[in-house]
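What follows is a set of notes on a single structure, which appears directly below.
The values are calculated or read from the model by the stated rules, or taken from the named source; none is laboratory data. In this text, all values refer to a predicted model and were calculated from it rather than measured experimentally. A quick note on method: Cβ atoms are made from the backbone with ideal geometry, for glycine too, and the neighbour counts reach across all protein chains shown. Ligands, DNA and RNA are stripped out before the accessible areas are found, and what is left, the full protein with its side chains, is counted by its heavy atoms. Shrake-Rupley method; radii C 1.70, N 1.55, O 1.52, S 1.80 Å.
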Amino acid sequence: MKQGLQKMQRPFLSVLFALIVGAAVIVLVGENCISAYSILFQGAFGGPMQLGETLIKTTPLIFTALSYSFAFRCGLINIGAEGQLYIGALCSTWAGIHFQGMPAALHVALALLCGFLGGALWGGIVGFLRVRYGASEIITTVMLNYVAVLFVNYCAGGPLREPGGAYPQSAQVYESVRLIRPFEGSRLHIGLLIALCALAVYGIFFRWLPAGYEMRLVGQNQDAARYAGMNVKRDLMVAMLLSGGLGGLAGSIELLGVQFRLMQDFSSGYGFDGIAVALLGGNHPVGILLAAILFGGLRSGGNMLQMMTHVPLAMINVIQAAIILSMLVRLPKYPVLRKRRV
């Protein structure tokens, strides 16, 4: 129990610190922080519709957080989930506007597979540059983010542009490829269920499977892994492929479940927020889920906060930034949590 409390100490204090910083910002703009946070909570969890909107925003955050965490467990820093998300959405769009008449289940599976493969390809470029030339994945993922966004924007306004359309966007994907919305009157779709399955697979992979154990060992000490006869380059490459594929699924599910067409600059920064979710969640499946719900709630509740008060939506970014900064600070453990010495 003490170990569990120690693991929860940093995330709890980080969120508390961020809320204090947010309260200071709210007071500076002339609003009551208690009533503002009440509105924020109501906008995120105040009813079935609000909760549904929060979970819609939670879903891509789970995938982008898993994208970061998967690479991190193998000793890689993947900051390219945003670009992988864009490429995944592009590939799913292509599948979604073709193959008319295909059975819905097959069409959805094909579109998701295309999104996964597109993101995996984008992550694979990074993995190849790392294992072949020793290029820093931090630099290459950041650079490829810009390439992906600009390329997708070009496709949305060029080759994939809706025929006769006045805006730089693709045609809507077919009905057969759109994710099911099980609750009438809510936009919540089954992408959340897919995300929960991905969390379960991630946890099982790294805890119980030999391949996951090998990747964790590579992430902890590459020299020891080589000495044990493990193929470090192969593991790094596979990790980046799977990490990129998870980022691609974030774009696929956002497109097939919410937007239904590819537009320029369609993402609101899910790839970057996913890094914060992974850090706050400690790269643990349960932690990632809880952190994604928190960040999804901040996104959803922030819209109502901006409409009901004079607090700008940018305050949500302040809270998220405070969480990230506090997670990167080394905090002392409370003496009460330490093992008492005799």
Kindly give the semi-axes, whole Å and largest first, of the ellipsoid equivalent to the stretch 8-53, taking each as the square root of 5 times a Cα gyration tensor eigenvalue. 21, 18, 6
Heavy atoms of V286 accessible to a 1.4 Å probe, total area in Å² rounded to 10: 80
For Y213 and L28, what does the FRET efficiency come to when R0 = 56 Å and r is the distance between their Cβ atoms, rounded to the nearest 0.05? 0.65
Give the dimensionless ratio obtained when the Cα radius of gyration of the stretch 1-90 is divided by 2.2 N^0.38 Å. 1.44
Once both labels are modelled 7 Å past Cα along the beta-carbon direction, what's the Q264-Y227 spacing in nm? 5.5
How would V201, V238 rank on accessible area, largest to smallest, probe 1.4 Å? V201, V238
Contact order relative to length of the chain, as percent, for alpha carbon pairs under 8 angstrom and 6 or more apart: 36
Once L325 and R187 are pulled to full extension, the length gained, defined as 0.36 nm per residue separation minus their Cα-Cα distance, is 46.4 nm
Testing the spin-label approximation: label points 7 Å from Cα along Cα→Cβ at F41 and I204. State their distance in nm. 3.7
Solvent-accessible surface (1.4 angstrom probe) belonging to H284, in square angstrom, nearest 10: 100
Roughly how far apart, in whole Å, are the Cα centres of the stretch 85-138 and the stretch 269-329? 26
Loop-located chymotrypsin sites (Phe, Trp or Tyr not before Pro) in the stretch 118-201 whose Cβ has at most 14 other Cβ within 10 Å (DSSP): F183
At most 12 other C-beta atoms within 10 Å and a DSSP loop state: those are the exposed trypsin sites (Lys or Arg not before Pro) I care about. Give me the longest piece of the chain that has none. 1-329
Pulled fully out, how much extra length does the chain show between M8 and L290, if you take 0.36 nm times their separation in residues and subtract their Cα-Cα distance? 100.3 nm
Suppose a student asked you for the relative contact order of the stretch 206-312, using Cα pairs under 8 Å spaced at least 6 residues apart; what percent would you report? 10
Projecting the Cα atoms of L112, T93, C33 onto the charge dipole of the chain, where Lys and Arg contribute +1 and Asp and Glu -1 at Cβ, the residue farthest towards the positive end is C33
For the stretch 147-257, fraction of C-alpha pairs farther apart than 22 Å, in %: 55
What is the calculated FRET efficiency for V147 to Q100, with r their C-beta to C-beta distance and R₀ = 30 Å, to the nearest 0.05? 0.45
By how many nm would the segment from E175 to M49 grow when fully extended, if each residue of separation counts as 0.36 nm and the alpha-carbon distance is taken off? 43.1 nm
Can you compute the equivalent ellipsoid semi-axes for the stretch 34-179, i.e. the square root of 5 times each eigenvalue of the Cα gyration tensor, sorted largest first and rounded to whole Å? 28, 26, 16
Mean Cα-pair separation over length for the stretch 143-267, i.e. relative contact order, pairs under 8 Å, 6 or more apart, %: 34
Rounded to two decimals, what is Rg over Rh for the chain when you use alpha-carbon atoms and the Kirkwood radius? 1.00
Once the dipole of the chain is set up from charges on Cβ (+1 Lys and Arg, -1 Asp and Glu), the residue from the list I62, A166, L51 lying farthest towards its positive end is I62
